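Accompanying notes for the structure given below.
The values are calculated or read from the model by the stated rules, or taken from the named source; none is laboratory data. Computed from a predicted model, the values in this text were never measured in an experiment. Glycine also receives a Cβ, built like all others from the backbone with ideal geometry; neighbour counts cover every protein chain displayed. To get the accessible areas, we keep the full protein, side chains included, count just its heavy atoms, and leave off ligands, DNA and RNA. Shrake-Rupley method; radii C 1.70, N 1.55, O 1.52, S 1.80 Å.
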Amino acid sequence: ARQSWGYQDHNGPEVWHELFPLANGDRQSPIAIKSSEVKYDPFLRPLSFSYDLTSPKVILNCGYAFSIECDDTEDRSVLRAGPLKGSYRLRQLHFHWGPTDDYGSEHTVDGLEFAAELHVVHWNSEKYPCFVDAAQQPDGLAIVGVLVKGSQVAFTNFDPSSLFPESLDYWTYHGSLTVPPLLESVIWIVLRQPITASSEQLATFRSLLCSAKGEPACCLLSNCRPPQPLRNRHVRAFFH
Ligand SMILES: CCOC(=O)CCc1ccc(S(N)(=O)=O)cc1
Ligand SMILES: [Zn+2]
């Protein structure tokens with residue numbers, strides 16, 4: 001089916017509310033993180049993850065990005081601890097980027113926009129039977145956001161933690177999917193330290209097509225949603 005929404009003027013983030021009223025919800029993502037306004041929470045624990053190299057199955061164009069889809073029929077690749085209660089099962093990972101290396105991340109830090117952003121998506125497999133059910137619940141999903149800045153980088157394996165920076169310091173807040181259906185079911189864990197990608201890698205992101213087969217080729221030059229109102233939310237920091 002043709003995508004009802006996208007990132008162009010006629011179907012982009014500014015008009016998503018017409019089809020998805022949750023766009024104006026009270027826990028939307030991404031947000032602009034202001035490090036002076038975050039609050040250190042001593043009860044937050046370090047992140048704990050264990051990823052099985054055989055979990056990733058396919059890489060595909062999901063319309064709003066390219067995503068690496070994982071086998072989530074059993075608890076082989078999970079994220080635990082951090083701000084979470086229980087364990088969250090790896091579902092997929094994907095990136096967001098912009099039309100140039102100057103911006104493209106979804107979360108911003110102190111007004112700083114990064115070249116891109118990696119999202120590693122997990123669902124609460126202790127409380128819910130599947131991803132789609134979990135995606136409807138306020139504590140259903142846990143997504144690790146990794147900021148990507150432009151430059152040279154080498155990474156060689158599928159293990160998502162190979163894309164994590166050396167420091168696992170993070171901010172956390174309650175938010176939503178950043179693309180329709182914009183479900184407000186996400187506990188966001190945004191790592192403070194960015195990773196790096198080369199300009200060529202970022203240009204390759206932009207070569208992904210958002211047009212359907214047989215249609216004139218149209219490149220997905222940008223797939224980042226701007227920051228949304230914080231409303232009545234606090235961002236907590238794992239680090240001082
Ligand atoms: C219930 C069906 O919902 C989906 O398929 C959503 C998939 C989906 C997962 C995560 C994200 S993000 N950018 O917030 O990490 C967006 C979309
Ligand atoms: Zn995403």
Worksheet item: For region 57-176, rounded, prolate or oblate, judged on the Cα gyration tensor with a ≥ b ≥ c (square roots of eigenvalues), a/c < 1.5 rounded, else prolate if a/b > b/c?
Response: prolate
Worksheet item: Going by the alpha-carbon gyration tensor, a ≥ b ≥ c the square roots of its eigenvalues, is region 27-113 rounded (a/c under 1.5) or, if a/c is not under 1.5, prolate (a/b greater than b/c) versus oblate?
Response: oblate
Worksheet item: What is the ratio of the Cα radius of gyration of the chain to 2.2 N^0.38 Å, where N is its residue count, to two decimals?
Response: 0.96
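Quick one: in region 14-68, what % of C-alpha pairs are over 18 Å apart? Don't jump to the answer; show the numbers that get you there.
Working: 1036 of 1485 pairs.
Of all Cα-Cα pairs in region 14-68, 70 percent lie more than 18 Å apart.
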Response to the item:
Given a Förster distance of 35 Å, the FRET efficiency implied by the Cβ-Cβ spacing of residue 48 and residue 215, rounded to the nearest 0.05, works out to 0.20
Item to complete: Pop a pseudo-label 7 angstrom from the Cα along the beta-carbon direction at both residue 8 and residue 76 and give the gap in nm to one decimal.
Response: 3.9 nm
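Counting only helical runs of four or more DSSP H residues, what would the 222 nm mean residue ellipticity of the chain come to if each run contributes -39,500 (n - 2.57) and the total is spread over all its residues?
On the way: 3 runs with 16 residues, N = 240.
Only helices count here, giving -1500 deg cm²/dmol.
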Discussion item. Students sometimes get this wrong: rank 88, 103 by accessible area, probe 1.4 Å, all chains present, largest first.
Written reply: 103, 88
Worksheet item: Straight-line reach from residue 149: which lysines have Cα under 22 Å away, leaving out those fewer than 8 places along the same chain?
Response: 34
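Length gain on complete extension for the stretch residue 162 to residue 231, per 0.36 nm per residue less the alpha carbon to alpha carbon distance? If you can, show how the numbers build up before the last one.
Values: separation 69, 0.36 × 69 = 24.84 nm, distance 3.41 nm.
Additional length available on full extension: 21.4 nm.
With a 1.4 Å probe and every protein chain left in place, work out the accessible area per residue of region 98-219 in Å², rounded to a whole number. Spell out each step's value before the answer.
Values: 5080 Å² over 122 residues.
Per-residue value: 42 Å².
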Discussion item. What distance in nm lies between label points placed 7 Å from Cα along the C-beta direction at residue 17 and residue 132?
Written reply: 2.9 nm
